[in-house]
Amino acid sequence: MPSLDELLKANFRAAMEIWSADSDAHIRKGHALSFAHFLARLSLMNRAQILGKVSIGHILRFDHPGGKVPLLDPIECSDSYAVSFVEQGRFSLLYKRQEILYQTGDVLLSYPETTRRFGHPGECGDDVCLSVHFSPEIVRDGFIEHVSGLPKLQASGRTMFLAWQIRRALECNERVWVESAILDALSALLRQAPQWKPLSCRETQFRFYAKRIAEAKELLDQSFDQNHSLLALGRSVGMSVFHFHRIFRQLAGITPHQYLLQRRLMHSLSLLEQGSAVTRAALDSGFNNHGYFSRTFKKRFGITPKEYAKTSRI
């Protein structure tokens, strides 16, 4: 990986090359272009607007005012884990000597200390990206083992839903929704993400599905300790049981049962940390069978509820 000094030198040389060509063009028009003026104009070609910021990360929208981009984008080094949804336009990425093309619907994945250079067709910068940058605190050491390492995800029902959730959270301006959307977007960096399947439907139909699946998730979030059936969940959002199960899996990335189980396990984890007895934590989280709760808990966290309760009290 090149050092910071090497990056700065490379970017300076690139800027000088662009400035020389740009300056000659301005001189032919009858006026000179100073290098300082050029750098100021270059910085205005890339705009990043912060849309939301919480302790676990921030959301921003990146675009190019006026649709102009430099002939040669500077080399850059990403400093965090990030997921960027391409809302419109297209661009390329030179990554490990390979050119990768992105277009509307694709997802750009970023990792710390990774060098790259973006490119655009001609001088047209029509790309707009909705980006989620994660705070180091939520990317634990164990998380790194499950990261795919890929710089791109193809558009899928799951990626479309992740972007939709982020926009909805920003519109509602609810902190807990923004945090939830940011945490959910973290899944795009995991190894199983490239297996997400595309969703072939019109935009209006997708919005219909997204709203229904979001409603079902909210219902499960609010009543995870109760018994639920696929038939009742599907009916509650106006969908048949088979259609609901298929669309939920495509958009949420897991089945309704897996989502409910995940929600119950996380709640039991919180109760045990607060000093609750194992049996009480199981019942209050929706598990009616103690043996099943213990097996499921150990499978998910690698430790039994009883062992976890002891360690959390130390």
Condition met for Thr296 (crowded, with 17+ Cβ neighbours inside 10 Å and under 29 Å from Leu189 (Cα atoms)): yes
The stretch 137-167, residues that are under 30 Å from Gly89 (Cα atoms) and assigned to a helix (DSSP H, G or I): Gly157, Arg158, Thr159, Met160, Phe161, Leu162, Ala163, Trp164, Gln165, Ile166, Arg167
Gln205 over 16 Å from His243 (Cβ atoms), surrounded by fewer than 16 Cβ atoms within 10 Å (Cβ to Cβ) and either of a type outside the set (Val, Ile, Thr) or touching a His at 6+ places or on another chain (Cβ under 7 Å) (or both): no
Selection from the stretch 219-264 of residues that are part of a helix (DSSP H, G or I) and either in contact with an Asp or Glu (Cβ under 7 Å, 6 or more places away or on another chain) or assigned by TED's automatic domain parsing to the domain that holds Ala163 (or both): Arg263
In the stretch 184-218, residue nearest to Cys172 (Cα to Cα) [restricted to those that are among the basic types (Lys, Arg) and in a helix (DSSP H, G or I)]: Lys211
Of all residues in the stretch 265-293 being over 30 Å from the mean Cα position of the chain (by Cα) and not in a helix (DSSP H, G or I), the one that is surrounded by the most Cβ atoms within 10 Å (Cβ to Cβ): Phe287
Search result, residues across the stretch 282-303 that are within 13 Å of Leu272 (Cα to Cα) and in contact with a Ser or Thr (Cβ under 6 Å, 6 or more places away or on another chain): Ser285, Ser294
The stretch 107-133, subset of a type in the set (Gly, Ala, Ser) and not in a loop (DSSP other than H, G, I, E, B), residue farthest from Leu186 (Cα to Cα): Gly119
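The values are calculated or read from the model by the stated rules, or taken from the named source; none is laboratory data. None of these values were measured; they are calculated from a predicted model. With ideal geometry, Cβ positions are generated from the backbone for all residues, glycine too; neighbour counts draw on all protein chains shown.
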